Protein chains: 2
Amino acid sequence: MKAEIIAIGSELLLGQITNTNAKFISLKLAEIGIDVHYQTVVGDNPDRLDEVIEIAMKRADILIFTGGLGPTKDDMTKETIVKHIGTTLVSDDEALLYIQQYFKRSGRVMTENNKKQALVFKGAKVLANRKGMAPGMAVEKDEVRYILLPGPPHEMEPMFTDEAIPYLLGVTGKQEVITSRVLKFYGIGEAELEHRIQSILEKQTNPTVAPLATADAVTLRLTAKAKTTDAALKLIAPIEEEIRLLVGDYIYGTDDDTLASKAAELLIRNGWTLAAAESLTAGLFMAELAGEPGISSSLEGGIVVYNEKSKVEQLGIEQSLLAEYGVVSAECAAALAENVKRTFKSDIGIGLTGAAGPDPHDGKPVGTVWIGITSTDAETETFKLLLSGSRNANRLRAARFALYYLIKHLTTKEGQS
Amino acid sequence: MKAEIIAIGSELLLGQITNTNAKFISLKLAEIGIDVHYQTVVGDNPDRLDEVIEIAMKRADILIFTGGLGPTKDDMTKETIVKHIGTTLVSDDEALLYIQQYFKRSGRVMTENNKKQALVFKGAKVLANRKGMAPGMAVEKDEVRYILLPGPPHEMEPMFTDEAIPYLLGVTGKQEVITSRVLKFYGIGEAELEHRIQSILEKQTNPTVAPLATADAVTLRLTAKAKTTDAALKLIAPIEEEIRLLVGDYIYGTDDDTLASKAAELLIRNGWTLAAAESLTAGLFMAELAGEPGISSSLEGGIVVYNEKSKVEQLGIEQSLLAEYGVVSAECAAALAENVKRTFKSDIGIGLTGAAGPDPHDGKPVGTVWIGITSTDAETETFKLLLSGSRNANRLRAARFALYYLIKHLTTKEGQS
């Protein structure tokens, strides 16, 4: 099975956006053993799209289109492809209802051109869009499969994973299952991680062990092939154990865990409440934690004390402490944590202070951050970071490190109780 | 002049990397008025590359290749293209010397296959590589231009800008400049925007008017071609004015403005201070604003009151108000704004409350959000949103809408003072 990915959109050809969809789809197809032979980008131009389809249907078995399913007159993917597969466009009741509800919920007026988004090929399998209005679809004609997906990545990605992949697995009829388990790391760089598990990386076959670095974290994906999911997981287990022995300290979770979800899980499970006092992060730490459903029973709230005055007036940080140690100090971070815990009467208090940049703050170089964590029945802990990114990268990393240290703190606390 | 960009590399087809080269080259070509009609990606496979070239030379005047110029046996771009242009490969003395020096400097041993990198088409213009070893080249055959560039972006980008662009300007003999201006919208969907400015979209020629929707906002790019930048801007001005007459209410800024940068600019310019009380957004609003350098003179701080108890205890919201109207109400949003302004002694106070989801909150359906804005010498304003996204999409949009309403509030305030 050979695939070609065809992205449609003049904004791609003008260089206004990057074709990240092609990367995402290629990676997912590689995981299920479908080879991508070509990626093509063409503008919102029916004649040129026509020619691209003519070429692609001769050299690939699976054509995957992204973009051009929207309501505007530029969007003509369906209208162009329909001629090649000799069918007609019909309105899909479910999709139309979904679009109508979407407008009703948001209180906006639905215009006539939005109905166009509910049109699908007669006889096609409709791929539901949970993040937007235009449904996708999959159809076969003369042994070529046509899969149409929306352009915006936040709509396309879940549709591809949840709807298109199962369809394609049915098409290819593969007996082998491929199962992955992802280990999530924080506080260790990619180069150091690879160095520490070099012996494992060198001997990997099944499962494979693939490091992936994102902007501020590293993951390891362990992927095994076997007859069943259980058998694949049994191949993964001993390798995971080996990795945990070497670098387990930096592993905060697995698979879909995030720093925030893991911290929330620990708080909620133990019925602990938390309050935070944020300076350089200005709410980023609380906002990340509040992204987790169910957190309202644990997150009391907190305070953003962005300047010295508000630290003193709103949270009662002693002027003398600031004079002696400065606002970017272990002492200030500890006081922020302790005072916000007392003010909000919570079980746990966290304080974040630092110099985000672009200029040094209170005599401390850009990237210096102090995090304080205090908790009933425990000594207040403080942690120092020396970050080297841009202003906003430093702020985000400070919030993430606070979540990471919180997870370690809560894990220890849970073990003791 | 029509261009096709052809990227060569199996790592692209495996989804290991994103084709950022195509975006970069497309943007640069748009700036000098060369239209990109296609972007193509093909693997390290001479037969398939052959076919791709056959197709491209018929449908484009300029073929720009990236990748496959390295020393390994996978790298066969030159060897494949040379057959199509009927010339031979010769060693370029300057390039070879550069490669030899490169190895000498880095103390590594030069192997025989590295000499391959100095091979160029006989008669081609050699494009120097200042960041790596493989030179690029440009050659014309039967009125088709072939430009070969290395794959790594840090080598390709300076070579394209410094070497390929001057070559292309010579080819096109253009005196024209292309200038864009971007209008940034919030609070209006793409379909509705297009509907409202339909008359302008239909008659567009020079400047062109291109809508682009991101996850939560829409922009319009106005692009004009003229002899000089000034002349191009003069073509854009009347169209911008026409658009502002129709939908100016939703325009919050231009070009690189963001909601946060625009709000920060207005606060800082007027020396106004601000404090926020956040419930559903839990710090997201303040964190977005704090991303702007220089904001510390205006952002006093604020308070996250995530549950009912903290609203009452930390910010003095009356229990009777919550009993009568509920926490998701205009009255609560106004009280949050007024109380946080008073507590922090700021010029402006903002309150955000709502039901982010997944469950209804205090009897209000998911997506219901109230924003309150109060300001010295002004009545407290409240705004209602009905959002329809996921929990975190709703939280982010609530914070962004608060920035949008803040910009409108500050703009009015500035006009009055």
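The values are calculated or read from the model by the stated rules, or taken from the named source; none is laboratory data. Quick caveat, the model's predicted, so the values are computed rather than measured. With ideal geometry, Cβ positions are generated from the backbone for all residues, glycine too; neighbour counts draw on all protein chains shown. The area values use the complete protein model at the heavy-atom level, side chains included, leaving out ligands, DNA and RNA. Shrake-Rupley method; radii C 1.70, N 1.55, O 1.52, S 1.80 Å.
Tabulated results
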item: Residue list for the stretch B:131-154, filter: out of contact with any strand residue (DSSP E or B) (no Cβ under 8 Å at 6 or more places or on another chain) and either open to solvent by 50 Å² or more (accessible area, probe 1.4 Å) or acidic (Asp, Glu) (or both); result: B:Lys131, B:Lys141, B:Asp142, B:Glu143, B:Pro152, B:Pro153, B:His154
item: Scan of the stretch A:120-130 for residues that are of a type in the set (A, V, I, L, M, F, W, C) and either surrounded by 21 or more Cβ atoms within 10 Å (Cβ to Cβ) or farther than 21 Å from A:Lys78 by Cα (or both), ordered by number; result: A:Val120, A:Phe121, A:Ala124, A:Leu127
item: Members of the stretch B:359-397 that are closer than 15 Å to B:Tyr325 by Cα and at pLDDT below 90; result: B:His361, B:Asp362, B:Gly363
item: Segments classed as helices (runs of 4 or more DSSP H), wholly inside the stretch B:9-62, with at least 2 members that are under 24 Å from B:Tyr167 (Cα atoms); result: B:20-31, B:46-59
item: When residues of the stretch A:282-306 are limited to those that are more than 7 Å from chain B (Cβ to nearest Cβ) and part of a loop (DSSP other than H, G, I, E, B), the one nearest to the chain's Cα centre (by Cα); result: A:Glu292
item: Search result, residues across the stretch A:211-232 that are surrounded by fewer than 18 Cβ atoms within 10 Å (Cβ to Cβ) and either in contact (Cβ under 8 Å) with a residue 40 or more places away in the chain or over 14 Å from the mean Cα position of the chain (by Cα) (or both); result: A:Pro211, A:Ala215, A:Asp216, A:Arg221, A:Lys225, A:Lys227, A:Thr228, A:Thr229, A:Asp230, A:Ala231
item: Checklist (1) within 14 Å of another protein chain (Cβ to nearest Cβ); (2) over 28 Å from the mean Cα position of the chain (by Cα); (3) open to solvent by less than 10 Å² (accessible area, probe 1.4 Å) applied to B:Ile373, failing item; result: (1)
item: Residue among A:Thr161, A:Thr80 that is assigned to a helix (DSSP H, G or I), open to solvent by less than 70 Å² (accessible area, probe 1.4 Å) and in contact (Cβ under 8 Å) with a residue 60 or more places away in the chain; result: A:Thr161
item: Residues of the stretch A:83-108 satisfying the condition of being in contact with a strand residue (DSSP E or B) (Cβ under 7 Å, 6 or more places away or on another chain), within 11 Å of chain B (Cβ to nearest Cβ) and in a loop (DSSP other than H, G, I, E, B); result: A:Gly107
item: Flag if A:Leu29 is crowded, with 17+ Cβ neighbours inside 10 Å, within 11 Å of chain B (Cβ to nearest Cβ) and not hydroxyl-bearing (Ser, Thr, Tyr); result: yes
item: Residue among B:Glu155, B:Glu140, B:Glu94 that is more than 15 Å from B:Ile64 (Cβ to Cβ), out of contact with any Phe, Trp or Tyr (no Cβ under 7 Å at 6 or more places or on another chain) and assigned by TED's automatic domain parsing to the domain that holds B:Thr77; result: B:Glu94
item: Members of the stretch B:176-190 found to be more than 12 Å from B:Glu31 (Cα to Cα), open to solvent by 30 Å² or more (accessible area, probe 1.4 Å) and free of Cβ contacts under 8 Å to residues at least 60 places away in the same chain, listed by number; result: B:Glu190
item: Filter pass, B:Ala330 being more than 23 Å from A:Gly357 (Cα to Cα), touching a Lys or Arg at 6+ places or on another chain (Cβ under 8 Å), assigned by TED's automatic domain parsing to the domain that holds B:Pro360 and open to solvent by 10 Å² or more (accessible area, probe 1.4 Å); result: yes
item: Any chance B:Ala275 is closer than 25 Å to A:Ala399 by Cα, within 22 Å of the chain's Cα centre (by Cα), assigned by TED's automatic domain parsing to the domain that holds B:Ile407 and of a type in the set (Gly, Ala, Ser); result: no
